[in-house]
Amino acid sequence: KSSSPSAAEAKSEAAKSVKIGIYFATWWALNVVFNIYNKKVLNAYPYPWLTSTLSLACGSLMMLVSWATKIAEPPKINLEFWKALFPVAVAHTIGHVAATVSMSKVAVSFTHIIKSGEPAFSVIVSRFLLGERFPPAVYLSLVPIIGGCGLAALTELNFNMTGLGKDYFLYLCFMRLMSTISLKPSTLFSSFMGAMISNLAFVFRNIFSKKGMKGKSISGMNYYACLSMLSLLILTPFAIAVEGPHMWAAGWKEVVSEIGPQFIWWVAAQSIFYHLYNQVSYMSLDEISPLTFSVGNTMKRISVIVSSIIIFRTPVQPINALGAAIAILGTFLYSQAKA
Ligand code: 3PG
């Protein structure tokens, strides 16, 4: 066997890279739309336990219909599969609801800054739980990725500004900044903790999902579908206990009178895009390591920030652009260190 890869191997490697590139681009683009509608919904209707449950319910329904109509091939799974999936679904449920609660309390950018630390959680969990070590260059490359993303997110991401004049927009940014500063420390702390819990839970989820998919006939898409269904069963009773139909109904009356029936479409968009972006992210997790997944998830936040700058004309400081550039450079260094 020759030591250099054959032309066929090199070709299949290149094809794999292109495929992963397409998955990443799709994952990030779908996530941008999710972020827009998620914040619009939470601003108007601050019931994160319900909206988290609806996202899972919508995804589960979409997949059940896809299986029934043979748009997607249903997986061949047994009770053992569901048992093994249970802890992964617990982690997915916790990570999802914690992030949504965090985003419901403060500006989205705050949650994104904290969540940019996910790769650090991934290496720590891999090291202490699985005894997995990475070359020093890999650890070092995470510093610019996390730091750069944190700097880039140090701006107000507000997705409701279309059509407003610039002065009014700046005024709103100022007011938002003031209200963030004057938030009760307990609100800031719970938002911070929500994002940190989400980081940890998603790292467990990613590592055990990867193990669950490895060598099995189930695809990333179907694995995520089953994960959604089981998470929905886990989350529903907690959502009812924490918020419950009385709160939801009262909030609903208010939101319908303020925004009108179009609010339903915001919820639908938020839920559909939540499922789609996660589904595509699982299609990539099937092909990459949990650490590369977390790096991709952090870089996704750069795409959210950049798109909010382009679409919503979010005013940015040079420090934000510098942060994005540092994070992108860090990702390049990571890919080199991994290779
Ligand atoms: C969620 O609800 O799962 C979060 O809003 C998104 O978290 P992520 O950006 O890590 O996917």
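The values are calculated or read from the model by the stated rules, or taken from the named source; none is laboratory data. Since we're looking at a predicted model, the values are computed, not measured. Counting neighbours? That spans all protein chains shown, and the Cβs are built from the backbone with ideal geometry, glycine included.
Annotations
- Count of residues meeting criterion [among the small types (G, A, S), buried (at least 17 other Cβ atoms within 10 Å of the Cβ) and out of contact with any Phe, Trp or Tyr (no Cβ under 8 Å at 6 or more places or on another chain)] in the stretch 73-98: 2
- K216 falls short on exactly one of the conditions (1) closer than 22 Å to H275 by Cβ; (2) in a helix (DSSP H, G or I), and that condition is (2).
- Residue within the stretch 147-154 that is in contact with a Gly (Cβ under 6 Å, 6 or more places away or on another chain), at pLDDT 85 or above, under 26 Å from A325 (Cβ atoms) and outside any helix (DSSP H, G or I) present: no
- Some residue of the stretch 155-167 being in a helix (DSSP H, G or I) and either under 24 Å from the mean Cα position of the chain (by Cα) or at pLDDT below 55 (or both): yes
- Complete set of residues in the stretch 74-118 that are acidic (D, E) and either without any contact (Cβ under 8 Å) to a residue 40 or more places away in the chain or on the phi > 0 side of the Ramachandran plot (or both): E80
- Flag for S6 being surrounded by 11 or more Cβ atoms within 10 Å (Cβ to Cβ) and of a type in the set (G, A, S): no
- Residue within the stretch 37-51 that is charged (D, E, K, R), surrounded by fewer than 23 Cβ atoms within 10 Å (Cβ to Cβ) and either under 21 Å from V295 (Cβ atoms) or away from the ligand (no atom under 13 Å from the Cβ) (or both) present: yes
- Leading residue by the ranking (nearest to the ligand (Cβ to nearest atom)) among those in the stretch 256-299 that are in contact (Cβ under 8 Å) with a residue 60 or more places away in the chain and β-branched (V, I, T): T298
- The C-beta contact set for the stretch 122-147 (first residue free of Cβ contacts under 8 Å to residues at least 60 places away in the same chain, second residue surrounded by 12 or more Cβ atoms within 10 Å (Cβ to Cβ), distance under 7 angstrom, 6+ apart or interchain) comprises E132/S126; R133/R127; Y139/V123.
- Checking each residue in the stretch 105-146 for being closer than 28 Å to F34 by Cα, hydroxyl-bearing (S, T, Y) and modelled with pLDDT of 90 or more picks out only S122.
- Pairs where the first residue, in the stretch 30-49, is more than 22 Å from F238 (Cα to Cα) and the second is basic (K, R) and near the ligand (Cβ under 10 Å from one of its atoms), C-beta under 8 Å, 6+ apart: N31/K300
- Qualifying residue in the stretch 170-192 (condition: assigned to a helix (DSSP H, G or I), of a type in the set (S, T, N, Q), closer than 30 Å to L85 by Cα and at pLDDT 90 or above): no
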